[in-house]
Amino acid sequence: MHKPFLLAVTAMSAGALFLGITGAGDDVTRHDRTLHPAVVADHGRVLAGTHVTAPALSIAPSPLMEGVQIGRSAHRSPVQLLRVEVRDVLPHDPRVFTQGLEFRGATLYESTGLVGQSSVRAGPPGRPPMVRAELPVPLFGEGITVAGDRLWQLTWRNGIAIERDPQTLRERRRVTYQGEGWGLCHQRVAGQERLVMSDGTDRLTFRDPDTFEATGGISVRQDGRPATGLNELECAPNGSVYANVYPTDTIRRIDPHTGIVTANLDASALLTPSERRGAKQLNGIAAVPGTDLFLITGKNWPRAFRVAFVPGSRGSLPGGRQRTAPSK
């Protein structure tokens with residue numbers, strides 16, 4: 001556990017977190033409606049979930065069964081308001097279009113996007129990667145997770161998940177799936193395992209960590225309404241799923257058994273105004289092993305932040321700045 005004090009946020013002169021090479025196409029992103037309206041027009045669609053009022057049962061459901069939201073009381077759970085408290089700052093390559101972030105031990109895995117520039121890399125946080133693998137055109141890299149001796153990497157609209165060796169990042173095989181791929185994380189529930197996958201809507205899909213076959217899913221709700229824009233995911237040791245919300249500075253904490261949002265985390269004002277001008281959306285969250293801290297960063301961010309999630313208040317943002325959504 002880390003000592004409960006706030007470290008000053010200081011710029012670090014060390015090299016970039018991960019080295020990535022991008023070209024003039026950096027601004028041509030999957031989420032730029034101005035440049036590519038045809039490509040992104042359907043990102044706002046919602047896959048509506050089904051609200052079911054179930055009778056009382058004497059048999060407990062499997063923890064890996066598809067989630068069912070039971071009764072109206074599920075929609076009345078209070079949503080906790082949290083903010084990020086910075087404990088440490090690490091350099092991050094501003095050329096990298098971050099799509100996924102995950103620790104295994106002391107190794108940080110990061111996936112990047114954009115066609116012709118997508119990759120996955122691994123190494124110590126705050127330093128250049130020790131191993132790296134590129135995705136061939138036309139694949140657009142998305143979320144990643146490590147499950148046992150497999151590393152799974154999503155693609156956005158290619159409908160392909162790539163299984164890799166987590167040590168060498170060598171590609172082993174490809175499997176197909178329906179719909180878009182955004183975020184991915186690996187979760188252990190009551191001694192069993194599953195993958196949790198997002199597609200930019202309010203829907204989380206559960207998948208087998210060995211075969212990648214869909215095994216169920218759940219619709220995420222806040223105050224009874226769809227919580228859409230779910231992007232990069234982290235399955236935390238406490239059982240919650242944390243999701244970056246595109247295109248905001250908000251991270252949602254989700255109960256994956258009910259689909260209810262239990263907390264909203266304010267991650268705004270981490271970057272200075274000058275850093276924000278060159279950066280895109282917050283995207284990337286990884287639980288730091290052996291602690292209750294998280295490492296978070298974003299697309300083309302020059303820094304990554306080791307943070308704690310602490311109680312906050314509505315309208316109170318770090319640094320006293322007003323909340324603004326990143327430009328698209």
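The values are calculated or read from the model by the stated rules, or taken from the named source; none is laboratory data. The structure presented is a predicted model; accordingly, all values stated were derived computationally and were not measured. Methodologically, a virtual Cβ is constructed for each residue, glycine included, from the backbone with ideal geometry; neighbour enumeration extends over all protein chains shown. Side chains are part of the model used for accessible areas, which takes the heavy atoms of the whole protein and leaves out ligands, DNA and RNA. Shrake-Rupley method; radii C 1.70, N 1.55, O 1.52, S 1.80 Å.
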Checklist outcome for this item: Exception for P256 within (1) of a type outside the set (A, V, I, L, M, F, W, C); (2) part of a loop (DSSP other than H, G, I, E, B); (3) open to solvent by 20 Å² or more (accessible area, probe 1.4 Å); (4) more than 21 Å from T112 (Cβ to Cβ) falls at (3)
Checklist entry - Quick check: anything in the stretch 128-145 crowded, with 23+ Cβ neighbours inside 10 Å and out of contact with any Gly (no Cβ under 7 Å at 6 or more places or on another chain)? => result yes
Next on the checklist: If S198 meets every condition in (1) more than 20 Å from I296 (Cα to Cα); (2) in contact with a Phe, Trp or Tyr (Cβ under 8 Å, 6 or more places away or on another chain); (3) hydroxyl-bearing (S, T, Y) apart from one, which number is that one?
Outcome noted: (1)
Next on the checklist: Can you confirm whether R306 is within 13 Å of H92 (Cα to Cα), modelled with pLDDT of 95 or more and surrounded by fewer than 23 Cβ atoms within 10 Å (Cβ to Cβ)?
Outcome noted: yes
Item to check | Pick from the stretch 169-186, criterion closer than 20 Å to T205 by Cα and charged (D, E, K, R), ranking: least open to solvent (accessible area, probe 1.4 Å) | outcome: E180
Checklist entry - Restricting to the stretch 147-168, what's the tally of residues that are surrounded by fewer than 21 Cβ atoms within 10 Å (Cβ to Cβ) and among the hydrophobic types (A, V, I, L, M, F, W, C)? => result 1
Item to check | Subset of the stretch 241-253 (residues that are at pLDDT below 95 and either open to solvent by 30 Å² or more (accessible area, probe 1.4 Å) or within 18 Å of T145 (Cα to Cα) (or both)) | outcome: T248
Checklist entry - Restricting attention to the stretch 100-113, does a residue exist that is more than 30 Å from V310 (Cβ to Cβ), without any contact (Cβ under 8 Å) to a residue 40 or more places away in the chain and either of a type in the set (S, T, Y) or not in a strand (DSSP E or B) (or both)? => result no
Item to check | Top-ranked residue in the stretch 267-288 [being in contact (Cβ under 8 Å) with a residue 12 or more places away in the chain and more than 15 Å from the chain's Cα centre (by Cα); ranked as surrounded by the most Cβ atoms within 10 Å (Cβ to Cβ)] | outcome: L270
Item to check | Top-ranked residue of the stretch 187-205 - restricted to ones that are in a strand (DSSP E or B) and either surrounded by fewer than 21 Cβ atoms within 10 Å (Cβ to Cβ) or touching a helix residue (DSSP H, G or I) at 6+ places or on another chain (Cβ under 9 Å) (or both), ranked as modelled with the highest pLDDT | outcome: E193
